[in-house]
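Nothing in this text is a laboratory measurement; each read-out follows from the coordinates by a stated rule. Just so it is clear, the model here is predicted, and its values are computed rather than measured. All Cβ positions, even for glycine, are placed from backbone atoms using ideal geometry, and neighbour counts span all protein chains on display.
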Amino acid sequence: MSGLKVTFVQDDGVEKVIEDATPGQSLMEIGRFHGVAGIVGDCGGGCACATCHVYVDEKWQAVIGKPDDIEAATLDMVSEICRDNSRLCCQIQMRKELDGLRLVVAPNL
Amino acid sequence: MVSEANTQSGGCPVAGHGKLGGASLTDPAILAHPNAFFHSMRQEDPVHYDEKLGMWLVSRYDDIVTVLRDPIIYSDKHGYAAQYASGFFEEFKKILETEGGGFFPDVIKDDPPAHTRVRRLLDKAFTAHRVATLEPGITRVIVELIEKLADQAAGDKVVDGVNDFAVPLTIAVICEQLGIAQFNAKKIQEWSGAVTAQIGRMQDRDQMVANARLICELQNFIIGEMKSRQESPREDMISDLVHAKLEDGSTLSFAEAVSLVRAMVIAGNDTTATAIGNLLYVLATRPEVAQLLKDSADDERMLNRFVEELLRIEPPVRGLAKMTTTETVLGGQKLPAHAHLLVLYASGNDDETQFNCPRNFDPNRGNIAKHVAFGTGVHRCVGASLARMEIKVAARELIKRIDKLKLAIPVEQIKYLPTVATHSLESLPLTLSRRR
C-alpha cells in the first residue's frame with residue numbers, strides 16, 4: 001500500500017481518516033476530495049480565500065513549518081479564529097514525512 | 001418609502017430606515033444610494049420580490065451564502081442566461097452571430113461539473129503567490145498614472161478619478177497580463193460597458209443594439225489576437241488560453257477560448273476600476289478614512305486590511321443573478337422552480353447581524369474576510385488576488401503622493417451607472433495636489 005495517512009478532525013468532532021493520500025497533492029485537495037466538512041477551497045488553492053483553514057497538531061508543527069508572508073496575510077483576514085498553529089492546508093503538499101498527520105479543521109468564521 | 005438618513009441605531013451610524021412599500025431596485029435614486037433599501041429588506045422581507053425587476057432580491061448574509069454554496073439548486077448558468085440581454089436576447093444573439101464572429105456563451109457562468117473543468121485552469125493563473133510577483137510592475141504603472149493625474153490637476157484643474165485614473169489603470173494592468181501590447185483604453189472601456197450592460201437590466205432596445213455592435217468589435221479584436229498566437233505562442237495569458245491543456249487532458253474549444261479571453265478583458269478591468277473609483281470617493285468624502293490610510297501606508301498588514309474593509313463597505317459588484325432549478329425555501333420564503341434571484345452581495349456586506357456597525361469603516365474587524373464582495377462558493381472571483389493587489393498599490397501610492405483630495409462637485413450631484421449589477425461611479429470630478 002502506497003497511500004499516506006492523514007486525519008482531519010472536523011469542527012463537529014467527527015474524525016475523517018484518509019488512508020490513501022498521494023504525495024504531491026495538497027492537503028486541501030485531499031480533504032475536499034474526501035468531503036471533509038470545513039475544507040472548502042473556494043479559490044482552488046490560490047491562497048486567497050482562507051476556506052481550508054486548519055490547526056496543526058503540536059507534534060507536527062515543526063515538520064509542517066510556518067506560513068510564508070502571503071499565507072500569513074490571508075490568515076490575518078480571519079484573525080478572529082486564527083491561532084499560532086493555523087495554516088491554510090492548500091499550501092501544504094502531502095509528502096512521506098507527513099504520513100500520520102493530524103489536523104483540526106477551523107470553525108466557520 | 002425608503003429614505004437615506006444618517007441616524008443612529010444602537011450607537012451605529014446607519015444608512016436610514018423606511019418602509020419597503022413598492023420601492024424597487026430599478027429606481028435610480030435607490031440604485032445610487034441603496035443601503036437604506038437593503039436595510040428595510042433585511043428587516044421586513046429578506047427574500048423580497050421586486051415586481052418592476054421581476055426578480056427575488058436576496059438581502060440577508062446567511063441566505064446569500066446559502067445560495068452561493070449550492071450551485072445545483074441555485075443555478076448560475078440559468079440565472080445569468082435569464083439576465084443576459086434581458087428582453088432582447090434573440091435579437092442580441094443574432095447581431096453577434098452576424099457581425100461578431102459568433103455568440104459565445106460565458107463558460108465561467110456554467111454550472112458544475114462543466115464549470116469545474118475550466119475553473120481549475122483559471123485558478124492556476126491568479127494565485128496570491130503568482131500575483132505577488134506582479135507587484136513591482138503594477139506599482140510602476142500606477143505611479144506613472146498618479147504622476148500624470150497630478151500634472152493634469154495642477155493649478156486646481158478638475159480631474160476625473162474614474163476616467164482619468166481608475167479605468168486606464170485597470171485596463172493597463174489586464175492588457176499587460178493578457179499580452180495586448182497595443183490597445184485603445186477608451187475603446188476597451190466602451191466594450192466593458194457594453195458587456196456589463198447585458199446583466200445590468202437597464203438598457204433599452206437602442207442601447208442594446210449599440211452595445212451588441214460594440215461587443216462585436218470586441219470579439220473581432222479578441223479573435224484577431226488569438227489567431228496571431230495560434231501559430232506562434234507568446235509568453236502571455238492569451239497564448240496560455242489558446243494553447244491550454246486542461247486537467248482532464250482536453251483543450252478549450254475556440255468558442256470557449258473566445259469567451260474566456262472576453263471574460264478576462266472585461267472582468268479583469270471593470271470591477272477593479274469600480275473599486276478604485278470607490279476608493280477615491282471614500283478618500284475624498286471621509287477624512288477619517290483618508291487619515292487611517294495615511295497612517296497605514298507603510299504597514300503591509302494594515303494596508304491589506306484597509307483594502308478588505310473598502311471591499312466590504314463599498315463592494316463593486318452589488319448583485320448577480322441565479323435561478324432555482326427546483327422548488328425550495330430560502331430564508332423562510334417559498335420559491336418556485338425557475339425563480340429568478342438577484343443575490344445582493346452589497347446587502348450581505350452591510351448585514352448588521354454579521355458585521356458590527358456595518359457603516360463604520362473598521363479595518364480591525366476580526367472577521368474581515370467574511371465579506372462577500374468576491375462572492376463565495378464555486379464562482380468566487382478568480383481574480384481576487386489581482387484585484388486586491390491593484391487596489392492596495394493604488395491606495396498606498398495615492399496617499400503617499402497626493403494631498404488635498406476633494407470632490408469638485410457637491411456629493412449629491414455624483415452620478416452612478418444605471419445597472420443593478422454593480423455600484424459604479426459614472427465619473428468622479430476631483431481636485432488634488434502633489435503631497436509635499
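Counting only other chains, what is the mean number of Cβ atoms within 10 angstrom of the Cβ of each residue in peptide A:43-55?
The mean count of partner-chain Cβ atoms within 10 Å per residue comes to 6.
Mind scanning B:LYS334/B:LYS415; B:LYS148/B:LYS370; B:LYS94/B:LYS187 and naming the pairs with a C-alpha gap bigger than 25 Å?
Correct reply: B:LYS334/B:LYS415; B:LYS148/B:LYS370.
Decide, for the protein assembly as shown, between rounded, prolate and oblate: order the square roots of the alpha carbon gyration tensor eigenvalues as a ≥ b ≥ c, take rounded if a/c falls under 1.5, and otherwise choose prolate if a/b is larger than b/c, else oblate.
rounded
What net charge do the residues around B:ALA181 carry, taking every other residue with its C-beta under 15 Å from that of B:ALA181, with Lys and Arg at +1 and Asp and Glu at -1?
Surrounding charge for B:ALA181 is -1.
Rounded, prolate or oblate, given the Cα gyration tensor of segment B:30-145, with a/c below 1.5 counting as rounded?
It is oblate, given that a/c is not under 1.5 and a/b is not larger than b/c.
Can you tally the net charge around A:LEU4? Count Lys and Arg as +1, Asp and Glu as -1, for every other residue whose Cβ sits under 10 Å from the Cβ of A:LEU4.
With Lys, Arg at +1 and Asp, Glu at -1, the net is -1.
How would you rank A:ASP42, B:ASP111, B:ASP206, B:ASP151, going from fewest to most other Cβ atoms within 10 Å of each one's own Cβ?
Listing A:ASP42, B:ASP111, B:ASP206, B:ASP151 from fewest to most nearby Cβ atoms yields B:ASP206, B:ASP151, B:ASP111, A:ASP42.
Based on the alpha-carbon gyration tensor of segment B:98-144 and its eigenvalue square roots a ≥ b ≥ c, which shape applies: rounded if a/c is under 1.5, prolate if not and a/b is larger than b/c, or oblate?
Oblate.
Arranged from highest to lowest average of other beta-carbon atoms within 10 Å per residue, in what order do the peptides B:313-322, A:95-104, B:334-343 appear?
Result, highest mean Cβ count within 10 Å first: B:313-322, B:334-343, A:95-104.
Taking each residue of A:57-70 in turn, how many C-beta atoms of other protein chains fall within 10 Å of its C-beta, and what is the average?
1
So what is the relative contact order of chain A, in percent, for Cα pairs below 8 Å that sit 6 or more residues apart?
That works out to 39 percent.
Starting with the fewest neighbours, write out B:HIS39, A:HIS34 ranked by other beta-carbon atoms found within 10 Å of each beta-carbon.
By the 10 Å Cβ count, ascending, the order reads A:HIS34, B:HIS39.
Quote the relative contact order of chain B in percent (integer), defining contacts as alpha-carbon pairs under 8 Å separated by 6+ residues.
Relative contact order comes out at 25 percent.
For segment B:282-355, which GluC sites (Glu not before Pro) are both in a DSSP coil and crowded by at most 12 other Cβ atoms within 10 Å?
Those that pass, being in a loop and sparsely packed, are B:GLU327.
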